[in-house]
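Taking it in order: structure first as structure tokens, then the write-up.
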Amino acid sequence: GAGVSQSPSNKVTEKGKDVELRCDPISGHTALYWYRQSLGQGLEFLIYFQGNSAPDKSGLPSDRFSAERTGGSVSTLTIQRTQQEDSAVYLCASSLEENTEAFFGQGTRLTVV
Amino acid sequence: AQSVTQLGSHVSVSEGALVLLRCNYSSSVPPYLFWYVQYPNQGLQLLLKYTSAATLVKGINGFEAEFKKSETSFHLTKPSAHMSDAAEYFCAVRMGLGNDMRFGAGTRLTVKP
């Protein structure tokens, strides 16, 4: 597609429920990133996929968080047993392997009530 | 390890005044450095990037940044602020291709009439 697409754009969920956030990167981009942006905070790195290499999961805040990338394209970030502190905007970005900058989606605003 | 520090979470300038947003990084190898901007209710977009070519990098909307290795800095400047520059600005570092991108906490720029 023309840009990075994220869905849903907004998600309200009850505490304790599981949620799935989807990211469609730019076609041909081999690198994919997930970040979390809380109100008034910077971008917190969550996970990074690069081609067929093992993902860098060092930023995932707990084992309730997981992500996968199928076929080197679409990625899904899953949060199990959501907590109120999980409320944030979740941003996805992608980049070409041989390029340096990342292109961002519009984000998914997650609200846990 | 790589990290980014942005000095000043909020900067306020008058319209027409100089804009200076500070960014310092730590990286064990020559880094790729970026400035991103996030306008209200919009996604992140790239302002400019440093990729080991010229140390003075010009970006969009009249912004520029200078890479100073001795000071491990990559400060963002604009000679004359415009009301439309009001936004959140993020500095980011990437420690080589194949590595993830880490962001600073962001600086919110306010432009007063």
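Rule-based calculations on the coordinates, nothing more; no lab input. Because the structure is predicted, anything quoted here is derived from the model rather than measured. Cβ atoms come from the backbone with ideal geometry, glycine included; neighbour counts cover every protein chain shown.
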Among the residues of the range A:47-91, write down those that are of a type outside the set (G, A, S), more than 10 Å from chain B (Cβ to nearest Cβ), surrounded by 15 or more Cβ atoms within 10 Å (Cβ to Cβ) and under 10 Å from the mean Cα position of the chain (by Cα).
A:L77, A:Y90
On the given criteria, is A:Y33 surrounded by 19 or more Cβ atoms within 10 Å (Cβ to Cβ), outside any loop (DSSP other than H, G, I, E, B) and facing chain B (nearest Cβ under 8 Å)?
yes
Filtered residue count, the range B:55-73, keeping only those that are away from every other protein chain (no Cβ under 14 Å) and either crowded, with 20+ Cβ neighbours inside 10 Å or out of contact with any strand residue (DSSP E or B) (no Cβ under 8 Å at 6 or more places or on another chain) (or both)
3
Just one of the numbered conditions (1) assigned to a loop (DSSP other than H, G, I, E, B); (2) closer than 26 Å to B:N41 by Cβ is not true of A:D63; which one?
(2)
Mind checking which strands (runs of 3 or more DSSP E) fall wholly inside the range B:25-84 and carry at least 1 residues that are among the small types (G, A, S) and touching a helix residue (DSSP H, G or I) at 6+ places or on another chain (Cβ under 7 Å)?
none
Restricting attention to the range A:1-27, the residues that are closer than 18 Å to A:A102 by Cα, of a type in the set (V, I, T) and part of a strand (DSSP E or B) number exactly 0
Odd one out for B:V93 among (1) over 23 Å from A:I47 (Cα atoms); (2) crowded, with 21+ Cβ neighbours inside 10 Å
(1)
Which listed residue is buried (at least 17 other Cβ atoms within 10 Å of the Cβ), hydroxyl-bearing (S, T, Y) and at the interface with chain A (Cβ under 10 Å from one of its Cβ atoms), from B:Y32, B:Y25
B:Y32
Selected residue [of a type outside the set (A, V, I, L, M, F, W, C), within 25 Å of A:Q37 (Cβ to Cβ) and surrounded by fewer than 20 Cβ atoms within 10 Å (Cβ to Cβ)] from B:S84, B:S52:
B:S84
Which of the residues that make up the range B:94-113 are more than 11 Å from every other protein chain (Cβ to nearest Cβ) and under 13 Å from the mean Cα position of the chain (by Cα)?
B:L109
